[in-house]
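The values are calculated or read from the model by the stated rules, or taken from the named source; none is laboratory data. Just so it is clear, the structure is predicted and the values come from calculations on it, not from any experiment. All Cβ positions, even for glycine, are placed from backbone atoms using ideal geometry, and neighbour counts span all protein chains on display. Please note that ligands, DNA and RNA were not included when accessible areas were found on the heavy atoms of the full protein model with its side chains. Shrake-Rupley method; radii C 1.70, N 1.55, O 1.52, S 1.80 Å.
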Amino acid sequence: RAAAYFFDSNREGGKKIRPMMVLLLSRAMAISASASASSSLQQEQQHDEEEGLFTPPMPWQRPDLPAAQRRLAEISEMLHTASLFHDDVIDGSDTRRGEPSANAQFGNKTAILAGDYILARACIYL
């Protein structure tokens, strides 16, 4: 319960900037690779209009690339959240994102263990 505390879908807090940076960087790299493989600007613009944030893999890339990019974005958020759990204990913070912090809600020991658990799961997913 403590490890899932900040991942609750009902919570609106958090900017989620790290996952977005991973996805945007992945997109930029794909466009760059596409541009070097084919210098047709028109083809790139058409591709941008047809696709969302995820880019289809190039023939020489792994076929599950969009899923891998999304997974990496999720892992970046997990690592950040684990550091927030630990940071709140060290700082003695009572709130995080306008809500009670994990350590205020569950106690210091549980918050540290939850942060460790999230960190371990993120490392396994890598």
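In table form, for the structure just shown:
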read-out: Solvent accessible area, Å² - TYR5, 1.4 Å probe, full protein context; value: 20 Å²
read-out: Sulfur and carbon atoms: percent of accessible area, the range 53-126 [1.4 Å]; value: 59 percent
read-out: 5 angstrom amide H check on ARG96, placed H, neighbours 5+ away; value: SER101
read-out: Gain in span if fully extended, SER93 to ALA67, counting 0.36 nm per residue against the direct Cα distance; value: 5.8 nm
read-out: Vicinal HN-Hα couplings computed from phi for the range 100-113 (Karplus, 6.51 cos²θ - 1.76 cosθ + 1.60; Hz; Gly/Pro x); value: x, 5, 4, 5, 6, 7, 10, x, 4, 4, 5, 5, 5, 5
read-out: Highest-first arrangement of 74-85, 104-115, where packing means the average Cβ count within 10 Å; value: 74-85, 104-115
read-out: Highest-first arrangement of 60-71, 17-28, where packing means the average Cβ count within 10 Å; value: 17-28, 60-71
